[in-house]
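I have placed the structure first, in the form of C-alpha cells, so that the comments after it can refer back to it.
The values are calculated or read from the model by the stated rules, or taken from the named source; none is laboratory data. It should be emphasised that the depicted structure is a prediction, and the values quoted were computed from it without experimental measurement. Glycine also receives a Cβ, built like all others from the backbone with ideal geometry; neighbour counts cover every protein chain displayed. In case anyone asks, the SASA skips ligands and DNA or RNA and just uses the protein heavy atoms, side chains included. Shrake-Rupley method; radii C 1.70, N 1.55, O 1.52, S 1.80 Å.
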Amino acid sequence: MRKVSANYIFPITSEPLKNGVLEIDESGRILNVIDTKGDLRESANLEFYNGILAPGFVNTHCHLELSQLKGKIPEHNGLPEFIKAVQEFRNTSQLDQEKAMFNADQDMQVNGIVAVGDVSNFSPSFKIKDKSSLKYHTFIEVFDSYPDKADQIMQTAITLKKET
C-alpha cells in the first residue's frame, strides 16, 4: 500500500486537510484519507509532495472534434457568428485535425482532467477517445434549421451513436 501526502489534500468529503495522508492500494484506489490535523510525522514509505493533491477534474463540455480551431475563433460574438466561423475553418486536413485532437486530449491529461463530456457532431474524434486514458462520455449533437430535415438529422444521430 502507498502512503502519499502533500501540503494540502482536497478530499471531496471534507474541507482541505493540511498535511493529510492518502492510503492507496496497488490499483490506485484510495482506501483511506487520514487527517493528521496538520501534524505530519515522518514514516516509512511515505511520499510527500510540495503542493496540493486534488481529485481528478471533469471537463463537462468539450468539442474535441473542433480542437484545430483553438485560437482561431473570436470569443463572445454569439452562436450565429460561432457557427459561421466553425464552417469557415472546418476544412482542415484530417492529419492536422487528428493531431490537434490528440494534443487537446494530452493537454487535458496534463492539467488533471480525468473525465470529459464531449459533444460530437461527427465521428473523427472517436478514435482519439477510444485510445485515451481519459474517461469520455460522448453527447451526440445534430441540428438543422429546416424542420423538413428532422428525420434525416435523427438518422444521422442514430448512425453516430452506433459508431461510438
| Pairs, first open to solvent by less than 20 Å² (accessible area, probe 1.4 Å) in the stretch 99-110, second acidic (D, E), C-beta under 9 Å, six or more apart | M101/E65
| said: Can you confirm whether Q87 is surrounded by 11 or more Cβ atoms within 10 Å (Cβ to Cβ) and more than 24 Å from the chain's Cα centre (by Cα)? | reply: no
| Test: residue in the stretch 7-27 that is part of a strand (DSSP E or B) and at positive phi | no
| said: Could you check the stretch 34-49 and list, in sequence order, the residues that are at pLDDT 95 or above and open to solvent by 60 Å² or more (accessible area, probe 1.4 Å)? | reply: D35, K37, D39, F48, Y49
| message | Considering only the stretch 46-63, I want to know if a residue exists there that is closer than 28 Å to K129 by Cα and touching a Pro at 6+ places or on another chain (Cβ under 6 Å). | response | no
| message | Test of understanding: among I9, I73, which residue is under 30 Å from F122 (Cα atoms), surrounded by 15 or more Cβ atoms within 10 Å (Cβ to Cβ), of a type in the set (V, I, T) and in contact with a Leu (Cβ under 9 Å, 6 or more places away or on another chain)? | response | I73
| request: Name every residue in the stretch 44-77 that is outside any strand (DSSP E or B), free of Cβ contacts under 8 Å to residues at least 60 places away in the same chain, within 24 Å of the chain's Cα centre (by Cα) and more than 30 Å from M1 (Cβ to Cβ), in order of residue number. | output: H63, L66, S67, Q68, L69, K70, G71, K72, I73, P74, E75, H76
| query | Is the stretch 151-164 home to any residue that is in contact with a helix residue (DSSP H, G or I) (Cβ under 7 Å, 6 or more places away or on another chain), open to solvent by less than 70 Å² (accessible area, probe 1.4 Å), closer than 28 Å to F57 by Cβ and at pLDDT below 95? | reply | no
| So how many residues does the stretch 126-138 have that are open to solvent by 100 Å² or more (accessible area, probe 1.4 Å) and touching a residue at least 12 places away in the same chain (Cβ under 8 Å)? | 3
